[in-house]
Amino acid sequence: MSKAATSQLAVLVVVAVVLGIVGYAVGYYTSPREIAGEVTRTVTQAVTQAVTQTVTRTVTQTVTPPATTTKAEFVLHAAYLTAPSLYDTHHYFFTRFKEKVESRTGGRVQVILHPGGELGDQAQYLELMATGQLFIATIEVSRFAAYTDKLNFLSFPGLFRDTEEAMAFAESDWLLEYSNSVLNRFGWTVLGITVGGARYFLSVPEKPITSLDSFRGLVLRVMNSPPYIEAAKALGANPQTIAYAECYTALQTKIIDAMENEVGAIIAMRFYEVAPNIALIPWAYAWHFVVASKQLLDSLPSDIRQVVIEAAREASMEKNAWGLFVEQVIGIQYLIDQGANIIRVNIDPIFDRLQKEFIPKFADRIPQGALQWLENYRKSVK
């Protein structure tokens, strides 16, 4: 199967999964007409009967009928930074995780959600899980840097060529096993890994990014991270590391020409107002780990533990599907409606440059297993 065909099928499957997710969105909001209408129209146009049947069979096979409801024997606390929102994939994940666990254990387990940073920040979540005071949380990969540098490679620009590839890697057995080999010793068990979204480039009206040449001399704001700075230089840009809170004004006053960010953040921060050119170059990704307290997980009865593990893995895949749909359908359409100029670029020269001039500088930080997985995956989708 060609890569183009594989990519189209992946998107169709994702959209089919969204058929079920739409129910969550509509049920959560009292006035979802505009969003639900857009989703319904897109799904109706994009999903074929065959794909819908495939997803239906998958859901039927993976969802276990609920047992007789009993009094909760185990109470599991879950924490995440974001507030409940239709667009927020963390809230979606934990809502689905709670539903699956409580249903499949017949009420023997109760999952209590703590959204909006109610229990602190992610650094505190890690400490609470290590000491058995919190059961589960979502953690952005950079938070592990205080403990180990063996996961930093996930955020390297140019390593993954599209969201489907990054998502497949996130859901691979190799990455799950590797991550646990790194993190178990700190008191954490990784139950799932998700892709927060592609980091695209946005630029001021006068400087649209249409090719590799567009980066030459471009004043580009990047995160204050050596890999990001070096990757920007490899493209020919002039990297700047100004504070995130200052980016809107910096774009507005032309202190910087461009920056890079996820679709959700571009919308939330209204960056499209001052940088309406959105170049769809997925040069890097945000990664979030579903982490449980190893101490608490190991203390659960084997049947309950298995339910939790399976529910987390399934909900992680659904979170990926919803995030991809928001990124590539709802989010892009919203930006277009706001007057943004969506630019589709030939990314091959850009990624070739990163592979030639950036990746070799950090190659010793990328596990050979990850490189082998990518090589095998790319061969399989050609």
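The values are calculated or read from the model by the stated rules, or taken from the named source; none is laboratory data. Remember, it's a predicted structure, so these values are computed and weren't measured experimentally. Here Cβ is always computed from backbone atoms with ideal geometry, including for glycine, and neighbour counts include all displayed protein chains.
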Go through 131, 148 for me and flag whichever is closer than 21 Å to residue 297 by Cβ and free of Cβ contacts under 8 Å to residues at least 40 places away in the same chain.
148
Residues of the range 108-119 classified as surrounded by fewer than 21 Cβ atoms within 10 Å (Cβ to Cβ) and touching a residue at least 40 places away in the same chain (Cβ under 8 Å), total:
2
Residue that is surrounded by 17 or more Cβ atoms within 10 Å (Cβ to Cβ), outside the structural domain of residue 360 (by TED's automatic domain parsing) and part of a helix (DSSP H, G or I), where the choices are 142, 179
179
Of the numbered conditions (1) of a type outside the set (Ser, Thr, Tyr); (2) touching a helix residue (DSSP H, G or I) at 6+ places or on another chain (Cβ under 7 Å); (3) modelled with pLDDT of 95 or more; (4) farther than 24 Å from residue 165 by Cα, residue 269 fails exactly one; give the number of that condition.
(3)
Looking for whichever is over 15 Å from residue 290 (Cα atoms), of a type outside the set (Asp, Glu), in the same structural domain as residue 318 (by TED's automatic domain parsing) and at pLDDT 95 or above here; the options are 96, 108. Which one fits?
108
If residue 189 satisfies every condition in (1) in a helix (DSSP H, G or I); (2) in contact with a Leu (Cβ under 8 Å, 6 or more places away or on another chain); (3) of a type in the set (S, T, N, Q) but one, which is the exception?
(1)
